[in-house]
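Shown next, in structure tokens, is the structure this report addresses.
The values are calculated or read from the model by the stated rules, or taken from the named source; none is laboratory data. No experiment lies behind these values; they were computed from the predicted model shown. Reconstructed Cβ throughout: ideal geometry from the backbone, glycine too, with neighbour counts over all protein chains shown. For the accessible areas, the whole protein counts, side chains as well, though only heavy atoms, and no ligand, DNA or RNA atoms are used. Shrake-Rupley method; radii C 1.70, N 1.55, O 1.52, S 1.80 Å.
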Amino acid sequence: MTNLHHSEVYIAASPDHVFRFFVDPEWLPRWLGVAAELDPRPGGVFRFEVTEGEWCVGEYLDVDPPHRVSFTWGWENKTMNLSPGSSVVEVDLVTDGGGTRVTLVHRGLPDTDSLALHADGWSRYLPRLEQVARGQDPGPNPAEETPDRARNRLEAR
Amino acid sequence: MLERALTGERSASDLAAVGGLSRPAASQHLAVLVGAGLMTVRPQGRQRWYRTEPTAFDEIRRRLDVFWTDRLQALKQAAES
């Protein structure tokens, strides 16, 4: 799979404490999204609302507290063509002194054709994710734009 | 489709075939990709020629990078507070 992103952060808290932020539906929205529905066991639902009405959906793969959790993700809105389960996020939590080193890898789709087909989903949602990440309101939901409206909008340029 | 149109202009029919999509479905996807700035389109008569912006994949990666970097900082703040 294509590695889309890899990063790490050191957190001055125990792995048990940090792990909870990936599996507790009350805790996930404290750093990711605004609401969540989580069933933290292999095959269980991993679902969170990025902004109002837009749901990122996948399922848990590995759930090994407190050191490893992974889940798939995609967009619930079918017109975005990035179906749930089309990418994978893998998180490792390693004890480091009195804290935790968190490593996160986001893997893409298995081949570049799939990545290209799904890029329309990413291209529409990533700018919104970027804004949400910065604490900004990303504006109206682009998923509500029908293909006709999209065509009209583009041809009006 | 993005990869195919990286090496040169392609027609919508060509890209539909590559993507395994019907023409209408491909046109819909292409419209979104153009709208997002990942592809450009040049109409010529009844044909529309699509080309991928060279930075398209880099742009997708950059936006993901920004997203996750910010989210991990938010996680750190929430976990340490």
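Details
- One residue alone among B:A17, B:A26, B:A5 is in contact (Cβ under 8 Å) with a residue 12 or more places away in the chain, more than 11 Å from the chain's Cα centre (by Cα) and more than 8 Å from chain A (Cβ to nearest Cβ), and that residue is B:A26.
- Here the condition is being modelled with pLDDT under 70 and assigned to a helix (DSSP H, G or I); of A:D137, A:D113, it holds for A:D113 alone.
- Qualifying residue in region B:58-73 (condition: more than 8 Å from chain A (Cβ to nearest Cβ) and aromatic (F, W, Y)): no
- Given (1) in contact with a helix residue (DSSP H, G or I) (Cβ under 9 Å, 6 or more places away or on another chain); (2) over 30 Å from A:T100 (Cβ atoms), number of the condition B:L75 does not satisfy: (2)
- Of the residues making up region B:1-23, those that are over 13 Å from B:V41 (Cα atoms), basic (K, R) and out of contact with any Leu (no Cβ under 7 Å at 6 or more places or on another chain) number 1.
- Looking across region B:1-40, just one residue is open to solvent by 50 Å² or more (accessible area, probe 1.4 Å), among the β-branched types (V, I, T) and closer than 25 Å to A:P127 by Cα, and that is B:T40.
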